[in-house]
């Protein structure tokens, strides 16, 4: 796919993996719309890239609809969707207190929140973006668009406390191929990246010894991943027209231990 002149929506684009991808797409001449709930950072990045910021909560259908409407009015119908919006938590399925022996289980509302953001929110944006892409004329090679999702290595080797997070990211992996097949007749490609341990805002506040210890777990290179490395793969998934229906680990060959 020729990227120059296309429009893209990047969810979670105000920071981390999303911001790096938005910047790299912009370098390739792509017009950018940032979907995020952090207005201050989102507005700043949109201004930097000459794009548009849309205050969007991916769990709210009206918010997502309004975001796409605003984005399309500003930069036109997107041919590219990058799904980076997501979050996580760490709670055991059931546990016993060391203090008093009391037993508790994973709060189901906390479990559902992660599923709603990471899995349902991703699908919501895919479905609405794909419907918009269907209105576009195909490019010379028959393509109408490209979608890149963000899962996690936790989809395959989730750690203790990651039941909700792993389920949500495993769902993203599991739906990639069926959605790619659903949209193949219309020239829309769908791929998913499974990042390992990346230096995103979630970890940037951690002490350097903690980050060094995490990086040392990676076979090679022995460091945290950089958001720009995620962005490079995401852009290649958009640019390479034969990339479709794939779930690709980007993790320095790490396989996560139980804890």
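Tell me the helices (runs of 4 or more DSSP H) entirely within the stretch 150-259 that contain at least 2 residues that are at pLDDT below 95 and under 16 Å from the mean Cα position of the chain (by Cα). Walk me through it before giving the result.
Values: elements: 154-157, 163-184, 201-204, 208-216, 227-239.
Correct list: 201-204.
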Practice problem: Give 117, 126 a once-over and let me know the one that is under 14 Å from the mean Cα position of the chain (by Cα), at pLDDT 95 or above and surrounded by fewer than 21 Cβ atoms within 10 Å (Cβ to Cβ). | Solution: 117
Exercise. Could you list, in sequence order, all residues of the stretch 89-114 that are surrounded by 15 or more Cβ atoms within 10 Å (Cβ to Cβ) and more than 30 Å from residue 146 (Cβ to Cβ)?
Key: 89, 91, 106, 111
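Do we have any residue at all in the stretch 13-23 that's outside any helix (DSSP H, G or I), farther than 23 Å from residue 193 by Cα, touching a residue at least 12 places away in the same chain (Cβ under 8 Å) and in contact with a helix residue (DSSP H, G or I) (Cβ under 6 Å, 6 or more places away or on another chain)?
no
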Exercise. Please enumerate the residues belonging to the stretch 114-143 that are free of Cβ contacts under 8 Å to residues at least 12 places away in the same chain and assigned to a helix (DSSP H, G or I).
Key: 127, 131
Quiz prompt | Residues satisfying the stated conditions in the stretch 208-228, i.e. touching a strand residue (DSSP E or B) at 6+ places or on another chain (Cβ under 8 Å) and either farther than 23 Å from residue 170 by Cα or surrounded by fewer than 17 Cβ atoms within 10 Å (Cβ to Cβ) (or both) | solution = 226
Exercise. Being farther than 26 Å from residue 152 by Cβ, free of Cβ contacts under 8 Å to residues at least 60 places away in the same chain and part of a helix (DSSP H, G or I) is the filter here, so list the residues in the stretch 50-75 that pass it.
Key: 62, 66, 69, 70, 73, 74
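Which one of these is free of Cβ contacts under 8 Å to residues at least 12 places away in the same chain and assigned to a loop (DSSP other than H, G, I, E, B): 78, 99, 4? So that I can check it myself, show each step before the final result.
Working: 78 fails: free of Cβ contacts under 8 Å to residues at least 12 places away in the same chain; 4 fails: free of Cβ contacts under 8 Å to residues at least 12 places away in the same chain.
Result of the check over 78, 99, 4: 99.
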Quiz prompt | Residue under evaluation residue 252, criteria (1) in contact (Cβ under 8 Å) with a residue 40 or more places away in the chain; (2) surrounded by fewer than 17 Cβ atoms within 10 Å (Cβ to Cβ); (3) at positive phi, criterion not met | solution = (2)
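The values are calculated or read from the model by the stated rules, or taken from the named source; none is laboratory data. Quick caveat: nothing in here was measured; it's all calculated off a predicted structure. As a convention, Cβ positions derive from the backbone with ideal geometry for all residues, glycine included, and neighbour counts pool all protein chains shown.
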